[in-house]
Each structure stands twice: as structure tokens, then as C-alpha cells.
Amino acid sequence: MIYCDLFSYEPAVVNLDNADENAQPAAVNKTLVGFIHVEKADEENLAAVETKMVKNLKWAARKNGTQKIVLHSFAHLSESKAEPNVTKALFNRVDERLCSSGYETHQTPFGYFLNLNVQAPGHSFSRLFKEF
């Protein structure tokens, strides 16, 4: 997770056949960005993974004084990946739970490699790692 003064992206390359073809660039200020990778083994206990993900994202957002959270799929960096439909469904459930808790959420376009702009301050809680 990285707290960003500015996080922006632009869809660059489609990497899933069913990706939303209307994906647009976007920018979010003062936000926590969860760079999230869902592994194949996580499929066996999705409810626990979901709960832990929500708790960790809320904790990190509070530590950085923000109510904004971006969910960004980072799965292309690992050999162990959950099925894309499982990952997207998990993101949607986490998004819903965060919204119902008063957070402003945003999901980056699923199924794309993105050009990213990450402007992050250099303080102790701006970069955090948690295993879900």
C-alpha cells in the first residue's frame, strides 16, 4: 500500500479479453493505493482474505488521514495468480464494504496494464506492506 498525494493512470495495454473497452484515465488526490495481488491459494479462503484486506486498507487509510482508497490489481508480477473473475469479484466486494463504511473508493481498470504516476510523500506510514 502506498499513500499518494497524487495517483493517476492511463490505460495502456489490454491484457484480458473481457476488459472494459471504455476504460478512461483518472487521477485521485490524497489517497491510499492498495497494490493488490490475489494468489491462487487465496481462492480457498476468500471470506477471510476479504475481511483482512478491508481491515488493513482501513487501518492504513486512517494512519494517513484519508478517506480515499484506490484498489489496483498488481497480479501480473507473480506466478501464482487467482482466476481473474475471482479477483475482480473480490475487489467489488471489498469496494462495497469500504463504501458502506464511509470511504471514497476507486478501482483502476481491471484487465489493463496501466501507465502510472505515483507521487508519494516520504514519511513512515506512506509505504506499507501487509499479507492478506
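Computed values, structure above
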| read-out | value |
| --- | --- |
| Selected from Gly65, Gly102, Pro84, residue furthest toward positive end of dipole (the range 10-132; charges at beta carbon) | Gly65 |
| The range 29-106: GluC sites (Glu not before Pro) in DSSP coil with no more than 15 other Cβ atoms inside 10 Å | Glu79 |
| The range 72-95 residues near the modelled Ala12 label - backbone nitrogen below 19 Å, point 7 Å along Cα→Cβ | 72-79 |
| Backbone HN-Hα couplings from phi across the range 21-27 [Karplus 6.51/-1.76/1.60, Hz, Gly and Pro as x] | 6, 9, 4, 10, x, 7, 9 |
| Segment Val86-Phe74, length gained on full extension (0.36 nm per residue, minus Cα span) | 2.9 nm |
| Potential lengthening between Glu43 and Asn115 on full extension [0.36 nm per residue; Cα-Cα distance subtracted] | 23.1 nm |
| Full-extension gain in nm, Trp59 to Phe35, via 0.36 nm per residue minus C-alpha separation | 7.1 nm |
| Spatially close lysines, pair count over the chain: Cα under 19 Å, gap of eight or more or interchain | 21 |
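Any read-out appearing in this document is the output of simple, stated calculations on the displayed coordinates, not a laboratory observation. Bear in mind the structure is a predicted one, so any value in this text is a computation, not a measurement. Every residue, glycine among them, receives a Cβ derived from its backbone with ideal geometry; neighbour counts consider all protein chains shown.
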